[in-house]
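S.K.: Dropping the structure in here first, questions after.
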Amino acid sequence: MRRKLNNLEEFRALKAKCIQAHEAEKHKVLVCCGTGCMAGGNLALYQELQKEMAAHGAAYEVSLTDSCGGECVGIKRSGCHGFCEMGPLVRIEPEGWLYTKCKVEDAKEIVEKSILGGEFIERLGYHLNGELYKRQEDIPFYKKQTRRVLEHCGHIDAESIEEYLAIGGYEALMKCLFELTGEQIIKEVSDSGLRGRGGAGFPAGRKWEQVAAHKEPVKYIVCNGDEGDPGAFMDRSCMEGDPHKVLEGMIIAGVATGSTEGYIYVRAEYPLAVSRLKIAIQQCEELGILGDNILGSGKSFHMHINKGAGAFVCGEGSAMTASIQGNRGMPRTKPPRTVDQGLFEKPTCLNNVETFANVPDIIKKGAAWFRSVGTEGSPGTKAFALTGNVVNTGLIEVPMGTTLREVVYGIGGGIKNGKKFKAVQIGGPSGGCLTEEHLDLPMDFDSLKEVGAIIGSGGLVVIDEDSCMVNMAQFFMNFICEESCGKCTPCREGTTRMNEILSRITQGDGRMSDLDELRSLGKMIQVSSLCGLGKTAPNPVLSTLDNFEEEYIEHIRDKRCRCGVCKALSSYVITDKCIGCTKCARNCPVNAITGTVRHKHVIDTNVCIKCGTCKANCPVNAIKEG
């Protein structure tokens, strides 16, 4: 049981102890126990490493609170390291070695060779173009990033407040409690230019100032950890890997605005994030960093967790506060704004996970430090989930204003299997589509807005030449239809009509007039929907129409899907490569293929159901789809 701290001096004393214990760990083995690597078996590897250490009689510890006395090895469960494509991952310190694609059976070798023997295991290292990279920071995927919010993710025990204290955690909070006034805190955040990292990019300092101006005795801080975009996992990884950083940012916001209650709204589909946040909150309460009269400062703050049921619309502020209150998550008309009348109809400061996680460093290092990277209008860094048809998928963080080309090719390693780049869907299902002509466009709030796209929460889905953009637009529109709360007619009915038109086009029943109708419906939904999610819902369709209209025309006029993705518009043809092996005919479920041994076979397109079995079974790749 941790002893409650009563004042700043006791905090400093505990921090000094934590630093001493941290430095006594001559080696650290940081086993990635983020959701992805745990799914790959890293939790079992973590346990096996401990067994191997015990079998060799070597001193080790898994927590700074269980110090083995003197020098020893720390075996820690860290959060996501980011390089998801190469997981499961293990980092060895102080060398900075990164081991990739680790298995449970590698534990013995890691202990004997690396931990006890100081030897790098080459087969577990990262290889690129014939070159071996031992140190994590030298790998191009990491070298081209600027990790601030994610600085400690993968580098500390994600479930230890002592380790967070050892690396400077809660120092910013102490400064806010004992040195700065609420006005000074808000000024620092405002001067930094920090903009909300959850979507629209509203200035955080201005929002804090509006809440602080209210004289209400009850105000709330709400953290949006809902993150419903397909392919997005930035906030989840931050909550899993560095939960105390998020809590610290929220408590500072409470001190600055005069709020004493905080709520973190997390998707129920994020059980690991929920678990680690609960652990972090309990640890803070035990030490007195959360609760009444924090460290004798006279300031109080209490933290609560609410689990969302996975409704995409609950990422919108008023829908989220309604959900926290136990009501159906549906947005309301504005004004009043959340800052004036939010949770329980009280003034509420609502920011997302990444926004709050930026705050401690801004307070410790200053607004000028924060502005040292990024652009004038969009200072700082942004975390992105890089997914899709790219070589290196994973969690990245780059300065605002970094170009798409630097992300896709510099960090992502280019397109998989040597394919050609086609587009990037940025900002999730309500984001926009960027094409080759946008590769050198700076990715910041204002530049993306000019081309009809948004950063959103930070999802980046890379699309290659084999992807059908009409099908892609339908996928996102279908998602929007399913997630629409149904409150306002433009979103409820408009997106349904758009989805029906897209479905008709991909089935080969489209009309040229459909293109004008899609544009008209899209613009109507944008200007008349109730909430921000509805207003951005048509973006995937409108942006693909602007950039890939010829694909829509092919689907409608030529009844052809150039990528062979839309099955109703696809056909299979046996080319002259056919060797007459009969495998295609023998495996066809509807007997649509005829021919004799050692002679070219033929597909009856009137019978073919376009299942692709023939192509999958052809040993000489003689069947073409198009």
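S.K.: Return the residues of the range 439-478 that are crowded, with 22+ Cβ neighbours inside 10 Å and of a type outside the set (A, V, I, L, M, F, W, C); say none if nothing qualifies.
M.R.: Asp444, Gly456, Ser457, Gly458, Gly459, Gln474
S.K.: Exactly one of (1) assigned to a strand (DSSP E or B); (2) more than 22 Å from Glu159 (Cα to Cα) is unmet by Leu98. Its number?
M.R.: The single condition Leu98 does not satisfy is (2).
S.K.: Another one. Between Gly262, Gly308, which is surrounded by 21 or more Cβ atoms within 10 Å (Cβ to Cβ), over 28 Å from Val189 (Cα atoms) and in contact (Cβ under 8 Å) with a residue 40 or more places away in the chain?
M.R.: Gly308
S.K.: Does the range 488-497 include one or more residues that are touching a Gly at 6+ places or on another chain (Cβ under 9 Å), surrounded by 18 or more Cβ atoms within 10 Å (Cβ to Cβ), polar (S, T, N, Q) and within 30 Å of Leu386 (Cβ to Cβ)?
M.R.: Scanning the range 488-497 turns up at least one residue that is touching a Gly at 6+ places or on another chain (Cβ under 9 Å), surrounded by 18 or more Cβ atoms within 10 Å (Cβ to Cβ), polar (S, T, N, Q) and within 30 Å of Leu386 (Cβ to Cβ).
S.K.: Another question about this same structure. Just give me the residues in the range 187-219 being crowded, with 24+ Cβ neighbours inside 10 Å and among the β-branched types (Val, Ile, Thr), in sequence order.
M.R.: Correct list: Val189, Val211.
S.K.: If you don't mind, there's one more thing I want to ask. Run Lys422 past the list (1) part of a helix (DSSP H, G or I); (2) buried (at least 20 other Cβ atoms within 10 Å of the Cβ); (3) over 15 Å from the mean Cα position of the chain (by Cα) and report the number of the one that doesn't hold.
M.R.: The failed condition is (1).
S.K.: Quick check: anything in the range 151-173 among the β-branched types (Val, Ile, Thr) and surrounded by 21 or more Cβ atoms within 10 Å (Cβ to Cβ)?
M.R.: Yes, the conditions are met somewhere in the range 151-173.
S.K.: Additional query: Here are Gly522, Gly459: which of them is under 30 Å from Phe421 (Cβ atoms), out of contact with any Cys (no Cβ under 9 Å at 6 or more places or on another chain) and at pLDDT 95 or above?
M.R.: Just one listed residue meets the conditions, Gly522.
S.K.: Take the residues in the range 278-292 that are outside any helix (DSSP H, G or I) and small (Gly, Ala, Ser); name whichever of them is surrounded by the most Cβ atoms within 10 Å (Cβ to Cβ).
M.R.: Gly288
S.K.: Related question: Out of Gly410, Gly452, Gly494, Gly486, I need the residue that is touching a strand residue (DSSP E or B) at 6+ places or on another chain (Cβ under 8 Å) and not in a strand (DSSP E or B). Which one?
M.R.: Gly452
To keep it simple, each residue is scored yes or no on (1) in the same structural domain as Lys187 (by TED's automatic domain parsing); (2) of a type in the set (A, V, I, L, M); (3) over 28 Å from Lys535 (Cα atoms); (4) touching a Pro at 6+ places or on another chain (Cβ under 8 Å).
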{"position": "Pro331", "(1), (2), (3), (4)": "yes, no, no, no"}
{"position": "Phe344", "(1), (2), (3), (4)": "yes, no, no, no"}
{"position": "Gly366", "(1), (2), (3), (4)": "yes, no, yes, no"}
{"position": "Leu386", "(1), (2), (3), (4)": "no, yes, no, no"}
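S.K.: Is it the case that some residue within the range 444-461 is of a type in the set (Lys, Arg), out of contact with any Gly (no Cβ under 7 Å at 6 or more places or on another chain) and under 28 Å from Arg504 (Cβ atoms)? Explain how you work it out, then say what you get.
M.R.: Looking only at the range 444-461, we keep the residues that are of a type in the set (Lys, Arg), and these are 449.
Okay, now just the ones that are also out of contact with any Gly (no Cβ under 7 Å at 6 or more places or on another chain), so 449.
Then drop every residue that is not under 28 Å from Arg504 (Cβ atoms), which leaves none.
No, there is no match, as no residue in the range 444-461 is of a type in the set (Lys, Arg), out of contact with any Gly (no Cβ under 7 Å at 6 or more places or on another chain) and under 28 Å from Arg504 (Cβ atoms).
S.K.: For the structure I just gave you, tell me whether Gly427 is surrounded by fewer than 24 Cβ atoms within 10 Å (Cβ to Cβ) and not basic (Lys, Arg). I'd like the intermediate steps shown before the answer.
M.R.: Details: surrounded by fewer than 24 Cβ atoms within 10 Å (Cβ to Cβ): no; not basic (Lys, Arg): yes.
Considered against the rule, which asks whether it is surrounded by fewer than 24 Cβ atoms within 10 Å (Cβ to Cβ) and not basic (Lys, Arg), Gly427 comes out as no.
S.K.: Consider Leu49 carefully, then state whether it is out of contact with any Cys (no Cβ under 7 Å at 6 or more places or on another chain) and surrounded by 24 or more Cβ atoms within 10 Å (Cβ to Cβ). Steps first, please.
M.R.: Details: out of contact with any Cys (no Cβ under 7 Å at 6 or more places or on another chain): yes; surrounded by 24 or more Cβ atoms within 10 Å (Cβ to Cβ): yes.
So Leu49 fits the description; yes.
S.K.: Just one of the numbered conditions (1) part of a helix (DSSP H, G or I); (2) of a type in the set (Asp, Glu); (3) within 30 Å of Val29 (Cβ to Cβ) is not true of Glu188; which one?
M.R.: Here Glu188 clears every test but (3).
S.K.: Okay, moving on. Show me the helices (runs of 4 or more DSSP H) entirely contained within the range 528-626 in which 3 or more residues are in the same structural domain as Ile501 (by TED's automatic domain parsing) and closer than 30 Å to Pro331 by Cα.
M.R.: Details: elements: 532-536, 539-547, 549-553, 583-587, 613-617.
Per the criteria, 532-536, 539-547.
S.K.: Check whether at least one residue in the range 48-70 is within 27 Å of the chain's Cα centre (by Cα) and either closer than 23 Å to Gly125 by Cβ or assigned by TED's automatic domain parsing to the domain that holds Leu177 (or both), and report yes or no.
M.R.: For the range 48-70, residues within 27 Å of the chain's Cα centre (by Cα) and either closer than 23 Å to Gly125 by Cβ or assigned by TED's automatic domain parsing to the domain that holds Leu177 (or both): absent.
S.K.: Also: When only residues in the range 511-527 that are in a helix (DSSP H, G or I) and hydrophobic (A, V, I, L, M, F, W, C) count, which is surrounded by the most Cβ atoms within 10 Å (Cβ to Cβ)?
M.R.: Among those that are in a helix (DSSP H, G or I) and hydrophobic (A, V, I, L, M, F, W, C), it is Ile525.
S.K.: Report yes if some residue within the range 52-67 is charged (D, E, K, R), closer than 30 Å to Gly296 by Cα and surrounded by 14 or more Cβ atoms within 10 Å (Cβ to Cβ); otherwise report no.
M.R.: Looking through the range 52-67, none of the residues is charged (D, E, K, R), closer than 30 Å to Gly296 by Cα and surrounded by 14 or more Cβ atoms within 10 Å (Cβ to Cβ).
S.K.: Can Gly508 be described as outside the structural domain of Pro331 (by TED's automatic domain parsing), in contact (Cβ under 8 Å) with a residue 12 or more places away in the chain and outside any helix (DSSP H, G or I)?
M.R.: Answer is yes for this residue.
S.K.: When you look at Lys4, is it basic (Lys, Arg) and within 25 Å of the chain's Cα centre (by Cα), yes or no?
M.R.: The answer is no for Lys4.
S.K.: Out of all the residues in the range 596-626, which are at pLDDT 90 or above and surrounded by fewer than 15 Cβ atoms within 10 Å (Cβ to Cβ)?
M.R.: Correct list: Thr596, Val597, Arg598, His599, Lys600, Val602, Asp604, Val607, Ala616, Pro619, Val620, Asn621.
S.K.: So, one more: Tell me whether the range 102-123 contains one or more residues that are basic (Lys, Arg), surrounded by fewer than 13 Cβ atoms within 10 Å (Cβ to Cβ) and free of Cβ contacts under 8 Å to residues at least 60 places away in the same chain.
M.R.: Yes, the conditions are met somewhere in the range 102-123.
S.K.: May I pose another question? Mind checking which helices (runs of 4 or more DSSP H) fall wholly inside the range 111-178 and carry at least 2 residues that are farther than 17 Å from Phe83 by Cβ and not hydrophobic (A, V, I, L, M, F, W, C)?
M.R.: Passing ranges, in order: 161-166, 171-178.
The values are calculated or read from the model by the stated rules, or taken from the named source; none is laboratory data. Keep in mind the model is a prediction, meaning the values are calculated, not measured. Cβ: placed from backbone, ideal geometry, glycine included. Neighbour counts: every protein chain shown.
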